Amino acid sequence: MALVSFARSSIARLALLHGVLLAASMMAVLGGVYLGTSRLIAAEGDQLITLEAQGLAADFRERDLDAFVTTVVDRADDPWVRGGVYELRGPSGDFLAGNVVVLPDLAVQPGGWAEFDVAVTRGDANASRRIRAKVQELGGGFRLLVGHDVQDRRAFRDVMLRSLAWAVLVTLLFGALGGWWLGRRLSRTAQAISASAGRIAAGNLGERLPVSGSGDEIDALVSRFNELLGRVESLTTTMRAVLDSTAHDLRGHLNRIRGAAQDARKASASAPQAAATDAVLAEIDRLSETLQGLLRIALAESGTAPLEDFNLSAAALDLAEFYQPVAEPGQLTVDVEAGLVVRGHRQLLAQALSNLLDNALKYGGGTPVSLRLHRCGARARLEVADGGPGIPAEHREHATQRFRRLPGSSGLPGSGLGLSLVAAVARLHHGELELADAGPGLRVVLDVPLAAGPAAA
């Protein structure tokens with residue numbers, strides 16, 4: 001499995017590409033050297049054979065037959081020192097002189113060239129030698145074969161081909177190792193940047209990406225990104241301070257308005273005045289609830305909420321116990337698997353679950369409500385379902401938007417922020433939120449990853 005994962009990694013692809021490119025370059029260079037050298041040697045050998053054949057043809061025209069035969073015999077006398085082979089045939093095809101017997105059965109190519117093998121005895125051993133020769137027409141029906149041993153040329157070709165193959169393999173190996181080393185260096189840098197980015201995304205805005213100190217383009221990019229992170233941290237801190245200060249001032253004003261409204265309610269002398277004062281108090285409570293909801297959503301979406309490992313099972317049971325007196329007898333059923341620990345923000349997760357239970361009891365129309373928490377692989381799955389009218393499929397996509405009220409719910413209590421907060425909490429915890437049909441009713445599923453550490457108190 002690890003090998004398959006490595007084969008699919010960018011390091012393996014980079015190493016393979018680097019090795020293949022180097023091997024291809026080496027093959028092109030050595031192949032060009034081999035082809036050029038081979039052609040040069042072959043051209044020089046053919047030129048020597050051609051010149052010797054032309055010289056012997058000139059001797060044939062200038063001398064009598066016996067003298068020319070003697071010349072051919074002298075040249076063929078010790079061929080394997082000089083490397084030359086000769087064969088002279090008369091007009092009737094009879095053998096006159098030489099050290100090979102291949103004519104007239106030799107297959108001659110256009111231009112008079114031919115290649116053949118001959119057996120040579122050296123001491124007690126026999127060896128096969130490759131001969132390249134040219135058949136020269138001397139006139140009067142006489143034919144002369146002049147050739148040279150090219151076995152060393154073939155040995156040179158074999159050595160070059162083997163050397164080329166080994167050079168390509170070695171270059172491929174070292175190229176792949178070089179690509180692997182370079183890929184590992186880039187991968188370690190990318191992993192360090194990814195780890196730091198993950199901590200930043202988790203809310204640690206003071207985190208900075210590591211700088212290797214090499215002064216290359218990657219360091220320049222990381223340095224600029226760290227400057228950007230510093231700017232983001234400064235802006236976030238300033239906005240958080242402004243938000244906290246504004247929220248504190250708003251809560252103070254609302255508390256003072258509520259206090260004045262309560263005093264007016266106590267001093268009300270008539271029923272209309274009391275009813276008007278109660279309406280003002282209700283609106284103040286609704287405004288306070290909306291403010292708290294917006295502040296919680298802002299905290300969840302900022303990504304800066306501190307996270308800890310805590311027992312979600314215990315928190316779910318505590319909330320269920322809190323809502324049992326609010327529900328009708330037997331209306332709320334609870335099925336919670338014990339010991340499920342998640343890493344998250346305890347208060348925001350508890351508020352999200354509270355919103356789900358509150359919505360189910362409020363909009364379920366008195367139908368049974370179920371709370372279920374269980375393990376699903378490496379995640380904790382929280383489900384809250386009711387038997388009410390539910391949310392039509394065409395409205396579920398917009399149900400988690402802020403201040404979005406469903407058709408027909410304008411007369412019901414609520415600010416339209418409940419599911420918005422649940423969605424923001426799901427994003428903060430890298431979870432998933434699903435609104436589904438409970439048949440009838442609504443089933444809300446919230447998945448969050450389980451923590452890797454031991455259960456928190």
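Brief remarks follow.
- In region 90-126, the residues that are in a strand (DSSP E or B) and either more than 60 Å from the chain's Cα centre (by Cα) or at pLDDT below 85 (or both): Phe95, Leu96, Ala97, Gly98, Val118, Ala119, Val120, Thr121, Arg122, Ala125, Asn126
- Residues (modelled with pLDDT of 70 or more and among the polar types (S, T, N, Q)) located in region 178-211: Ser187, Thr189, Gln191, Ser194, Ser196
- Test: residue in region 54-64 that is surrounded by fewer than 17 Cβ atoms within 10 Å (Cβ to Cβ) and either modelled with pLDDT under 85 or of a type in the set (Val, Ile, Thr) (or both): no
- On inspection, Leu349 passes the criterion of being outside any strand (DSSP E or B), out of contact with any strand residue (DSSP E or B) (no Cβ under 6 Å at 6 or more places or on another chain), in the same structural domain as Ala314 (by TED's automatic domain parsing) and not charged (D, E, K, R).
- Among the conditions (1) surrounded by fewer than 11 Cβ atoms within 10 Å (Cβ to Cβ); (2) at pLDDT 70 or above; (3) under 58 Å from the mean Cα position of the chain (by Cα), the only one that Asn255 does not satisfy is (1).
- Test: residue in region 357-369 that is β-branched (Val, Ile, Thr), over 11 Å from Val448 (Cα atoms) and crowded, with 17+ Cβ neighbours inside 10 Å: yes
- Any hit, region 51-70, residues being among the hydroxyl-bearing types (Ser, Thr, Tyr), over 15 Å from Arg132 (Cα atoms) and not in a loop (DSSP other than H, G, I, E, B): yes
- Residue that is modelled with the highest pLDDT [pool: residues in region 371-425 that are among the basic types (Lys, Arg) and more than 37 Å from the chain's Cα centre (by Cα)]: Arg372
- Of all residue pairs spaced 6 or more apart or on separate chains, those with beta-carbon atoms under 9 Å, a first member in region 96-117 that is surrounded by fewer than 15 Cβ atoms within 10 Å (Cβ to Cβ) and a second member that is assigned to a loop (DSSP other than H, G, I, E, B) are Pro104/Gly93; Glu115/Gln109; Glu115/Val150.
- Unmet requirement for Glu383, which otherwise passes all of (1) of a type outside the set (Ser, Thr, Tyr); (2) in contact (Cβ under 8 Å) with a residue 60 or more places away in the chain; (3) over 18 Å from Leu419 (Cα atoms): (3)
- Where a residue in region 327-341 is under 10 Å from Leu312 (Cβ atoms) and its partner, wherever it lies, is part of a loop (DSSP other than H, G, I, E, B), with Cβ under 8 Å and at least six apart: Gly339/Ala455; Val341/Ala451; Val341/Gly453; Val341/Pro454; Val341/Ala455; Val341/Ala456
- Residues located in region 123-177, provided they are in contact with an Asp or Glu (Cβ under 8 Å, 6 or more places away or on another chain) and of a type in the set (A, V, I, L, M): Ile131, Ala133, Leu144, Leu145, Val146, Val150
The values are calculated or read from the model by the stated rules, or taken from the named source; none is laboratory data. Quick caveat, the model's predicted, so the values are computed rather than measured. Neighbour counts are summed over all protein chains in view; Cβ atoms, including those assigned to glycine, are modelled from backbone coordinates with ideal geometry.
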